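See structure below.
The values are calculated or read from the model by the stated rules, or taken from the named source; none is laboratory data. As the structure is a computational prediction, the values presented were derived from the model and not from experiment. We place every Cβ from the backbone using ideal geometry, glycine too, and count neighbours over all the protein chains shown. Surface accessibility is based on the protein's heavy atoms, side chains included, excluding ligands, DNA and RNA. Shrake-Rupley method; radii C 1.70, N 1.55, O 1.52, S 1.80 Å.
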Amino acid sequence: GSTVQTMPDSKTPAVSKAANKDERIKAGEVLYKQNCIACHQADGSGVTGAFPPLAKSDYLDNLDQAIYAVANGLEGPITVNEEVYNSVMPKLSLSDEEIANVMTYVLNNWDNKGGEVTPSMVGPQRGH
């Protein structure tokens, strides 16, 4: 059966802290292209029936839930934009800063509502 796997640690150098939302979005775009694009696609549309969209995604309305999914991986059925998805998202080896950056990038693209995720918002969502 399927289960959440942890992606190997890439031994990347320490991440510099974003000084503002624009820096966070720019850093998040790089992370998205490295970690998320294969499943969620360049335009955030996902893959119907397999990987949910991040574009115009109602899943992002519950920000803690979305942060939790990125921080811990996800398995089992979820509903996004009234469609059920039942896949596995791996737990990525990303720091709180990196998760904040990629989440901020997603929130501010593809007709999502905007906003900013900070590292202090990520920590409480790890490992619940």
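Lysine pairs in the chain whose alpha-carbon atoms fall under 22 angstrom of each other, counting only those eight or more residues apart or on distinct chains, come to 15. Computed over protein heavy atoms with a 1.4 Å probe, the accessible surface of the chain works out to 56 Å² per residue. In this Cβ point-charge picture (+1 for Lys and Arg, -1 for Asp and Glu), the chain has a dipole of about 340 debye about its Cα centre.
Of the solvent-accessible surface of segment 19-102, computed with a 1.4 Å probe and all protein chains present, 51% belongs to carbon and sulfur. When the trypsin sites (Lys or Arg not before Pro) in segment 80-128 are filtered for DSSP coil states and for at most 14 other beta-carbon atoms within 10 Å of their beta-carbon, the remaining sites are K113, R126. How high is the FRET efficiency between Q65 and K17 when r is their beta carbon distance and R₀ equals 30 Å, given to the nearest 0.05? The value I calculate is 0.75.
Principal axis extents of the C-alpha atoms in the chain (largest first, rounded to whole Å): 37, 31, 25.
For segment 45-128, GluC sites (Glu not before Pro) are listed when DSSP marks them as loop and at most 12 other Cβ atoms sit within 10 Å of their Cβ; the list is E82. Dividing the summed helix terms, -39500 (n - 2.57) for each DSSP H run of n ≥ 4, by the number of residues in the chain produces a 222 nm estimate of -10000 deg cm²/dmol to the nearest 500. Taken one residue at a time, the phi angles of segment 48-63 give Karplus couplings (6.51, -1.76, 1.60, θ = phi - 60°) of 3, x, 10, 10, x, x, 9, 6, 6, 8, 6, 5, 6, 5, 9, 4 Hz. Gly and Pro are set to x. Stretching V30 away from A42 to a fully extended chain increases their span by 3.2 nm, per 0.36 nm per residue minus the current alpha-carbon distance.
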